[in-house]
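To start, the structure under review is shown below, and the notes come after it.
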Amino acid sequence: MKRKSHIGLFLKFIPLILIVVSVFIGIWQIKKIREFFGQASGEPANFVVDTQAILGPMPRPWRNLAQGGEQFNWRMTPISGQVKALHPNYIRLDHIYDFYDIVKGTPGNLTFDFTKFDAILDDIKATGAKPYIALSYMPPAISSGDILAKPQRWSDWQLVVQKTIEHVSGTRRTPDVYYEVWNEPDLFGGWKYYGNKNYLDLYSNAVQGANNARGVLPFKIGGPAITALYESWFKALAKYSIDNNLRLDFFSWHRYTNNLDQYKKDMFDVQTWVKDFPQLEPTLEFHITEWGHDSNNNTGYDTSYGAAHTVAGAIQMTSIIDKAFVFEIQDGQDPKGKDYWGRWGLFNYKSQPKPRYNALRMLDQIGNQRLSLFGQGSWVKGLAAIADDGNPEVILANFDQYSSHSENVPITFQNIEPGTYTLSEKFLGGRQQSQSIATDSAALQVYVAMPVNSVSTVELIKTSNVTPNVAPPSTTQSNSSDVTITIDQAQGSAPQ
């Protein structure tokens, strides 16, 4: 009887169970449908470049690189020449206190040895860059636990920061160094902006140590290098700094995302929040001190996927973000011995450059005078400039996180002289091609086929002022099957 009652009870609830299962299946299907249409929808690029509209010097937020905790006493020597070719302004380092054996002794009785740290600082100097130093992690000599713990005595932490600044900005006479208090405190150490393990204590004592530094060149100090941009962290640190009369020269965060619009949104958000703190607003800098498409290992970092993301992301940041640090310079060694294992580096452990490095170098070779460009798409991003030889050029990046979208991209060059031109194209991976074209118009439209997750540069080179008899608008196909050139006869017309 008891068993029958259980069966009956089960049968009674079958309709309810079926309803619940149906609801979950429906939700799953709706999600899949949304994902499908999300992948399919978007605006194709339709670029218009005004070859006479110079906007000024080309901003280059990508000229900042970062290195994380891949290996002890890391040196850049094997790749320093290739890193120099990227013309970095700043190179960021973390793990300085647990990797370079700087602090020795016991609490209240400390000594300092910068020998190993000087070696990597020399490497940075050799690339033409300046150091951007994350003051992390807690030196074992003063820690109350591991390298993520609080110090036994805050006065020791103050002294560590003071001596670091006095050495780098004083003894080494390095100007304009940035000192960033910690690295991802919300992750590494579980710091909060309240409670017993309070980042605000860590920050205020670091600033006190910085204030104690003597004989130093100008430098800047800030933080907190959190894992993403959080309004609560920003407002807590801003208010605390104002209330306690603390220096806060810059606010920093990290951003790993496939959504290229997020970089713009971050800057819009933080510039909105700072308006509540007029004491800080005029001078406070904003830095993304690590960025990429995934904070975890991801095979895309070894392929054109990461390359396209890097260029497209950098284009999105141009004129919006002052300093954005590509993470990172070089992989650590794979425990299983693989040459490529989805780490974040521009170079693998054996110092071999990845597509991300080559793409970043392509981007950095763009001319110094920026040109007006309109028509960014959802996938294809572009940046235009006057090349070093005086011709208009455009760099393009087609990034699709689903690795499915290719696009035939129109580019209209406006305000050009009639004549004969060569359209020169270079693609990530080394392929190059060119096509001779002529126009008697002040506008010329070309089409560039951009495969999924690709990067290319296009330059329009004037070869002659002589204009041959130009037929009505027509399309000619280059020797390569993936680039089409259209001659647009309409004066100043833009593609519709």
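Throughout, read-outs are computed from the coordinates displayed, never taken from laboratory work. Keep in mind it's a predicted model, so treat the numbers as computed, not measured. When we count neighbours, we look across all protein chains shown, and the Cβ atoms used for this are built from the backbone with ideal geometry, even at glycine.
Put simply, when 448-455, 236-243 are sorted by average Cβ atoms within 10 angstrom per residue, most first, you get 448-455, 236-243. Taking the helices alone, the chain has a mean residue ellipticity at 222 nm of -9000 deg cm²/dmol, built from -39,500 (n - 2.57) per DSSP H run of at least 4 residues and averaged over all its residues.
For region 196-299, what does the alpha-carbon gyration tensor say about shape, rounded, prolate or oblate, given a ≥ b ≥ c as the root eigenvalues, a/c under 1.5 as rounded, and a/b over b/c as prolate? Prolate, because a/c is 1.5 or more and a/b exceeds b/c.
For region 277-373, rounded, prolate or oblate, judged on the Cα gyration tensor with a ≥ b ≥ c (square roots of eigenvalues), a/c < 1.5 rounded, else prolate if a/b > b/c?
Numbers: a/c = 2.80, a/b = 1.62, b/c = 1.73.
Judged from the Cα gyration tensor, region 277-373 comes out oblate (a/c at least 1.5, b/c at or above a/b).
How far apart, in nanometres, would the label points at residue 378 and residue 110 be if each is projected 7 angstrom from Cα along the Cα-to-Cβ direction? Between residue 378 and residue 110, the label points sit 5.3 nm apart. Using bins of 10 Å that start at zero, the share of Cα-Cα pairs per bin across region 111-268 amounts to 10, 38, 36, 15, 1, in whole %.
Here the peptides 384-395, 126-137 are ranked by packing, the mean other Cβ count within 10 Å, and the order with the highest first is 126-137, 384-395.
Spin-label pair residue 351-residue 417: with each label point 7 Å from Cα along the Cα-Cβ axis, the two points sit 4.7 nm from one another. Looking at region 64-364 alone, DSSP beta bridges between its own residues are antiparallel in about 15 percent of cases.
Consider all pairwise Cα distances in the chain and report the whole-number % of them above 44 Å. Tail fraction, whole percent: 27.
Multiplying the residue separation of residue 119 and residue 75 by 0.36 nm and subtracting their alpha-carbon distance yields 15.1 nm.
Fully extended, how many nm does the chain gain between residue 173 and residue 232 (0.36 nm per residue separation, minus their Cα-Cα distance)? Could you put the intermediate results ahead of the total?
Details: separation 59, 0.36 × 59 = 21.24 nm, distance 3.67 nm.
So the extension gain works out to 17.6 nm.
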